[in-house]
Every structure is written in structure tokens, then in C-alpha cells.
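See structure below.
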Amino acid sequence: MSVRRLADENVQPTGFAFSEANSSWAEATIRKYPAGRQQSAVIPLLMRAQEQDGWVTKAAIETVADMLAMPYIRVLEVATFYTQFQLKPIGTRAHVQVCGTTPCMLRGSEELISLCKRKIHPEPLHQNESGTLSWEEVECQGACVNAPMVMIFKDSYEDLTVERLEQIIDAFEAGRGAEITPGPQIERVYSAPIDGLTTLTTEPKPQRNQVTEAAAPASGTEGAAVPPSEAGRPKSTDAETNPTMKTPHTAKGEAAANAKSEGGNADTGKPEPTVAPASSGLNHPAADTDKKTDGKA
């Protein structure tokens with residue numbers, strides 16, 4: 001990465017101030033951050049300053065630093081690190097950023113760069129004679145399948161030829177850049193194949209779920225005799241875990257008979273509580289009464 005420095009003093013303006021609308025926007029943006037974190041707004045404020053003046057000036061950097069209570073050097077570090085910030089005056093009508101990374105290079109980006117050198121200026125980041133156009137080579141812009149491509153301000157123009165880029169540059173030079181539709185410049189839908197779809201060319205049909213159909217009961221029946229899955233059941237051979245065993249809830253008659261024969265409760269199936277006979281004298285109210293009577297006698 002090359003060293004990035006501010007423009008010469010002879011092109012730097014003497015001051016900077018946000019417009020009324022941008023000033024209100026900047027104040028609202030700063031308030032989005034919690035107390036003590038307002039300096040996080042440095043990048044959006046620098047970008048808004050660039051959108052207002054076309055590039056980031058020294059005065060703009062100092063103004064943003066004062067708004068965020070930051071040392072000048074800290075804001076300068078941000079502005080010189082990110083290549084999205086233009087540190088010199090660029091074309092007022094178009095700044096053409098040509099992608100020169102491998103996919104675009106293999107598909108003709110070097111010819112696009114030669115066109116920019118011939119049509120705009122031999123050197124990057126220099127304005128043409130009228131100050132309306134400039135260009136530079138940049139790294140990958142994220143549309144490799146649509147190579148080669150350029151970006152003009154915030155819009156990308158893809159699937160370019162030298163002839164098509166020349167037409168685009170002429171349109172921006174004439175002030176008719178808004179007439180050019182961004183995106184692919186050929187008969188392509190975004191990043192779809194150039195020759196049309198090669199897969200999913202027919203409407204997919206829903207597939208039947210064989211597992212669900214096998215587990216579902218047949219039409220007209222009460223239900224499946226066997227559960228659809230035993231995966232969640234514990235593996236045990238104990239009689240208590242036998243799902244076919246009759247319980248007091250499913251077979252009340254048999255449960256009552258079993259409980260009666262075993263001396264249990266027909267409702268619950270549990271044995272009746274054992275009560276000690278009165279003759280034993282244990283836990284019987286009569287025994288206590290007799291003792292008290294005998295003591296008085």
C-alpha cells in the first residue's frame with residue numbers, strides 16, 4: 001500500500017463547514033453513540049464531508065476532529081488509511097475507479113486503464129483539463145464474475161468493453177451520467193450466467209416424504225398399531241416398561257380384581273395400610289383409655 005498524503009497547501013481551502021442540512025445530520029449521527037464513544041462517528045462524518053466537497057480537505061479533517069474532541073493526528077490517521085477517502089481534488093462529474101485485480105485483469109482491465117490514461121489524464125488521481133474527470137486503479141470491488149468493472153462514485157458498471165466505458169465516460173463528461181444504468185452493461189441479470197440458466201431451469205416438484213408416509217396410518221383406520229419410532233424409548237426388558245401391560249387406567253376391571261386378591265385398593269392398586277388390632281395395645285385409642293382408667297382405680 002502506497003503512502004497517502006494530503007494535497008498540497010496551494011489547493012487546500014482555508015476553511016470548512018458543514019452545510020445546514022449536513023450539520024444537523026452530523027449532530028444526529030454523533031448522538032447515536034453512547035457517552036464516551038462519540039469518536040466512533042469519525043468515519044461517517046469524514047464521508048459526509050467528502051460527499052459535500054468532493055474530497056477530504058485538511059480543514060475538513062480539523063473540523064471533524066474538533067466536533068469529536070479528537071487530536072488532529074487521530075483523524076488524519078483514519079483519513080489517510082482508508083482509500084475510500086480522496087485526499088486530492090477529483091473529477092467533479094466522474095471519478096472512475098478501475099478494478100485491476102486478477103479476474104478483471106484477465107478480462108481486459110488493462111485496456112480500460114489505457115483508455116482512462118488516454119481520455120482523462122496520463123496519471124491517476126489527476127483531473128482532466130476541465131476538472132470534470134479523474135481516474136485511479138483500485139483493488140477488488142467484489143463483482144469478479146462480472147469482470148471487468150469500474151466504479152464511479154457509489155455505482156458500479158460491469159461487463160465492460162473499451163467501447164462501452166468510453167461511452168459511459170462521455171456521458172458523464174456531458175453531464176448525462178444519470179442516464180446510464182449501473183450494473184451489467186450486457187444482457188445479463190446481475191451475476192447470472194451470460195448464456196442463461198444452466199441449472200434449475202424447471203420448476204422443482206415437491207418430493208414425497210417416504211418416512212412420513214410409512215409411519216402415517218392407512219386411510220379409514222383408527223391409527224398405526226406400532227409407534228413410528230422407538231428411538232427415544234429406553235431399552236428395557238422389565239415388565240413395568242412393557243407398553244402392552246394393562247394398567248388401572250386401561251383395564252379397570254382386572255386392576256380391581258388384582259387389588260382385591262392382594263389386599264390392595266381397587267382405585268389405586270396400592271395395598272391398604274395395615275392397622276394394628278386393638279388387643280395389641282399399640283396405637284389404639286382404647287388402650288390409652290384403659291390405662292388412664294386403671295390408674296384412677
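The values are calculated or read from the model by the stated rules, or taken from the named source; none is laboratory data. In this text, all values refer to a predicted model and were calculated from it rather than measured experimentally. Positions of Cβ are backbone-derived with ideal geometry, glycine not excepted, and every protein chain shown enters the neighbour counts. Each accessible area value is taken on the protein alone, full model and side chains, heavy atoms only, with ligands, DNA and RNA left out. Shrake-Rupley method; radii C 1.70, N 1.55, O 1.52, S 1.80 Å.
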**Item:** Volume per residue of the C-alpha convex hull in the stretch 43-96, rounded to whole Å³
**Value:** 70
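May I ask you to give the percent of accessible area on the stretch 62-213 that is carbon plus sulfur, with a probe radius of 1.4 Å?
53
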**Request:** Would you kindly derive the ³J(HN,Hα) couplings of the stretch 104-121 from the backbone phi angles with the Karplus curve 6.51 cos²θ - 1.76 cosθ + 1.60 (θ = phi - 60°), listing them in order in whole Hz, with x for Gly and Pro?
**Result:** 5, 4, 5, 10, x, 5, 5, 5, 5, 5, 4, 5, 4, 4, 7, 9, 10, 6
**Prompt:** Which distance in nm do the two modelled labels at E203 and Q39 give, with both placed 7 Å along the Cα-to-Cβ direction?
**Reply:** 6.0
**Fill in**
Taking only the alpha-carbon positions of the stretch 8-82 as identical scatterers, the Debye log10 I(q)/I(0) at q = 0.18, 0.23 Å⁻¹ comes out as -0.67, -1.08
**Request:** Please list, in chain and number order, the residues 5+ apart from G183 or on another chain whose amide H is under 5 Å from its amide H, with Hs placed from the backbone.
**Result:** S156, Y157, E158
**Request:** Please list 185-197, 143-155, 166-178 highest first by mean number of surrounding beta-carbon atoms within 10 Å per residue.
**Result:** 143-155, 166-178, 185-197
**Prompt:** Quick one: what does P(r) look like for the stretch 96-191 with 10 Å bins over all Cα pairs, in whole %?
**Reply:** 18, 54, 27, 2
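Beyond 24 Å between alpha-carbons counts as too far, so tell me which of K32/K88; K117/K154; K88/K119; K235/K260; K32/K58 fall in that bin.
Correct reply: K32/K88; K235/K260; K32/K58.
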